[in-house]
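The values are calculated or read from the model by the stated rules, or taken from the named source; none is laboratory data. On a predicted model such as this, the values are computed, not experimentally measured, just so you know. Using ideal geometry, Cβ is built from the backbone for each residue, glycine included, and neighbour counts are taken over all protein chains shown. When the accessible area is computed, the model is the full protein with side chains, heavy atoms only, and any ligands, DNA or RNA have been set aside. Shrake-Rupley method; radii C 1.70, N 1.55, O 1.52, S 1.80 Å.
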Amino acid sequence: MNREERLRKVVPGAPPELIAELAARPSAEVDQIVALARQARRDAIARQAERKRQQKQEARKYNHYDEDQLTGRNLRMISAAG
């Protein structure tokens, strides 16, 4: 497996020109770039999870429910009633 193939595996959505350019750079520099990209992805996932947690907390606090929750509750009540 050459460097370009390894980079494609690490950064699957990158355009081929970028992969070729990264493969031509020194490996220490590429390692730093890849580490930064991975950290940025982890940070984005953490922000998204925190935003989702915050939305759920606000929904509970202010009694906001989405349609799926209400539909599920109603179906459970009908099933339990017979």
Failed criterion for residue 24 (all others in (1) open to solvent by 80 Å² or more (accessible area, probe 1.4 Å); (2) among the hydrophobic types (A, V, I, L, M, F, W, C); (3) under 23 Å from the mean Cα position of the chain (by Cα) hold) | (3)
Looking at this structure, is residue 80 in a helix (DSSP H, G or I), of a type in the set (A, V, I, L, M) and surrounded by 10 or more Cβ atoms within 10 Å (Cβ to Cβ)?
-> no
How many residues, within the range 32-68, are part of a helix (DSSP H, G or I) and either open to solvent by less than 100 Å² (accessible area, probe 1.4 Å) or in contact with a strand residue (DSSP E or B) (Cβ under 7 Å, 6 or more places away or on another chain) (or both)?
-> 15
Filtering the range 7-31 down to residues that are among the charged types (D, E, K, R) and part of a helix (DSSP H, G or I) yields 8, 9, 17, 21, 29, 31
If residue 4 satisfies every condition in (1) free of Cβ contacts under 8 Å to residues at least 12 places away in the same chain; (2) assigned to a helix (DSSP H, G or I) but one, which is the exception?
-> (1)
